[in-house]
Amino acid sequence: MPLLLAGNLKAELQSAIINTYQPDSLYHSTTPEGSAPQFTLTARANSPTVLHPDLALLLSTSGSTSSPKLVHLSASNLKSNATAIAHYLELNQNERPITSLPINYSYGLSVLNSHLRLQLNSWAQLERSSHQGNGLFYELSAPNLNKILAHCSEHEQTICSLGLSAAQWQEAIAATPPRGLCRIVAWGRALECNRIWDGYNLIATMSRALTLEL
């Protein structure tokens, strides 16, 4: 169950929230100045927290700039809100949203959720083969990694992984070789350039040999 916080949150307020709510892990930026974004998942030495089964998100309120105040939201809360916004604004699949608000803020998150909800509702009508590189996110519940790999089509290129080891992915790939997939990367590194893209070595494919015979 996530809690999204602003990256520029004051250190004393961040510490107060962590001490109050005692999260099991922290996913935070470890980016050196002037470098590409890097994030680290850090487990904390806490006893496992038992959460209410309906709890899906803790969302900070506007008042949390002075003291930690969080709203408890269920998955049905989020879906209902996103569906209502999409209906009221008459959104369709041709919409391309913009927002100046961060997603850890309720309005910023609602812009994201309402458009994702619209895509998920119409997923059955979408041709996956025609949806390449357009940033579509969808939700899939699977009992193991093999089911996820089997679900990947030849048009899905990258999987972002959080909390799983390379050995786990290697075992799954050996049992269920994926189609089309060319990269499995840590969460937060999907947009980093790599010499292998679409299964091709870009340097080898887009360059030519030069021979000097002197």
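Other residues with beta-carbon under 14 Å from the beta-carbon of residue 36 carry, at +1 per Lys or Arg and -1 per Asp or Glu, a net charge of -1. Calculated accessible area for the range 141-188 comes out at 59 Å² per residue, all protein chains present (probe 1.4 Å; ligands, DNA, RNA ignored).
What a 1.4 Å probe finds exposed on the range 137-187 is 56% carbon and sulfur by accessible area, rounded to a whole percent. To put it simply, the accessible area of the range 4-103 at a 1.4 Å probe is 56 percent carbon and sulfur. Using a Förster radius of 30 Å, what is the FRET efficiency between residue 75 and residue 15 based on their Cβ-Cβ separation? Nearest 0.05, please. The pair residue 75/residue 15 has a calculated efficiency of 0.55.
The values are calculated or read from the model by the stated rules, or taken from the named source; none is laboratory data. Since this is a predicted model, take the numbers as computed values, not measurements. Positions of Cβ are backbone-derived with ideal geometry, glycine not excepted, and every protein chain shown enters the neighbour counts. Surface areas here come from the heavy atoms of the whole protein model, side chains and all, with no ligands, DNA or RNA. Shrake-Rupley method; radii C 1.70, N 1.55, O 1.52, S 1.80 Å.
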